[in-house]
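So the structure is just underneath, and the comments pick up after that.
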Amino acid sequence: MGGSGNRVNSDNLGTNLFRIPVMDNSEKCDSIKRIVHNVLILNPGSSSLKFRLYSGKNILLDEIIEEIKGSFIPASNEILKRINKNSPEKISKVVYRIVHGQNMPSPMPLDEQVLKRIISLSPLAPLHSKAALEVINFFMKKINARHIACFDTSFHKTIPEFAGTYPLPSSLSKKANIKRYGFHGLSHQSMFKEVEKVSGKKYKRVISCQLGNGASICAIKDGKSIDTSMGFTPLEGLMMGTRSGSIDPAIISHICRKEKINVEKALLILQEESGLKGIAGTSNVRQILENEKNGDKKAKLALDMFSYIAKKYIGSYIAAMGGVDLIVLGGGISRSPKIRKRILSGLDELGISLKEVSNVSASVLKKSQTNSVLVKDSKNPCKNSSDSQYIPSKISSGKVEVWVLETDEQKYMFEATQHL
């Protein structure tokens, strides 16, 4: 996203925006008798909105609306039209992915108190929070159902204190609730569990790499997160599409002095104008790869930096866990065999070797890709994409298994909320 118009001003997102529908008991009983349990899963990103509609365990709709600029209301309206056209049955549950939930458990029902907490945390994840709050507000008004939040931060609550504490004055950290919260938890959980399901194995030490426009790496031991590259906010860690990742903190005050701007504007540069975009001029990895092929030195530098930083995190987590049994790669950037090779080359001494043929030919989706539409393409009919199956592929030849797959947060969100 670009421009100051996409920043979140939590003062303007008061709880008066949210009207939580309440059914009386007779309406509840009548609904329970007649509904088929249709579940809507909503996964808002910084510029995209994934949605999936289940009827029982069958997928009726599975799509993504991309290239959203500004408000998410048009995209939400488009989803509602598609649902009404393809599913006459009542929706009983709406599940949302929320990036920052601080210490809140997940999943949990959305009520006014939970919404107040989400709003208060919105400045800590500005690229996602505005979108999520718009989507929640829209669907809570339009759909009379149970509304449930799944938080990306919840998976990382198992990070030990020594890994989750910043070296700041303890009194300040306590007062301001500063700690490593971590993000992409739903993605990291879903990826390694899907590989375990397909392989029939349990892995003790796992490194999960979610490499998309937002990118993070997570160390998982005995099924629990013990460290992750993102921290107090999603700005820390890897170089990303438009985010800088970890830099010397003193650079911020230096930018403020040199450019005569305030801290908020400096942070906006780090969030929206840095990362791959800052070095290569674009955050589109396909374009960067093509530019590199055509001799663009800045494109090469951006990809070299991204791969090197990812490799450093992988190495540090191998040291932290005393080894690794499985490396999982997911997200849009990890679809590139060239980038996978770039990140994992030179690690043969650690038992990490890619099988060239498998790496080049690895396909993360069987049959058609997940249907992707733009908001402006409102006449494009819904397609049942339930035949687009997520197929993990093993691409390694060494002792350490390396798998690549498409992240499926929607599936994990559906399964995690079955009891609610």
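Read-outs: derived from the displayed coordinates by stated rules, not from any lab. What you see is a predicted model, and the numbers here were worked out from it, not measured in a lab. Cβ atoms come from the backbone with ideal geometry, glycine included; neighbour counts cover every protein chain shown.
Before moving on, here are some points about what is shown:
- Annotation: peptides 245-253, 190-198, ranked by per-residue average of other Cβ atoms within 10 Å with the highest first, follow the order 190-198, 245-253.
- At 1.567 mPa s and 4 °C, Stokes D of region 276-337 from Kirkwood alpha-carbon radius, µm² per second: 100
- If you sort the three axes of the alpha carbon gyration tensor as a ≥ b ≥ c, you get a/c of 1.5 or more for region 35-166 and a/b above b/c, which makes it prolate.
- Residue order, fewest to most surrounding Cβ atoms within 10 angstrom, among 72, 414, 183: 414, 72, 183
- Remark: region 44-57, residue by residue, has Karplus-estimated 3J(HN,Hα) of x, x, 6, 9, 8, 9, 7, 8, 9, 10, 9, 10, x, 9 Hz, where x stands for each Gly or Pro and the curve is 6.51 cos²θ - 1.76 cosθ + 1.60 at θ = phi - 60°.
- Cα gyration tensor shape for region 256-364, rounded if a/c is under 1.5, else prolate or oblate: oblate
- Under 17 Å from residue 81, Cα to Cα: lysines that are on another chain or at least 8 residues apart: 50, 90, 141, 142, 376, 379, 383
- Phi to ³J(HN,Hα) by Karplus 6.51 cos²θ - 1.76 cosθ + 1.60 over region 225-241, Hz, x for Gly, Pro: 5, 10, 5, 7, 6, 6, x, 5, 9, x, 8, 7, x, 5, 5, 10, x
- Between residue 265 and residue 55, the distance separating the two model label sites (each 7 Å from Cα on the Cα→Cβ line) works out to 5.4 nm.
- Taking θ as phi - 60° and the Karplus parameters 6.51, -1.76 and 1.60, the scalar couplings of region 406-420 work out to 8, 5, 9, 4, 4, 4, 5, 4, 4, 5, 6, 10, 4, 7, 9 Hz in sequence order, x denoting glycine and proline.
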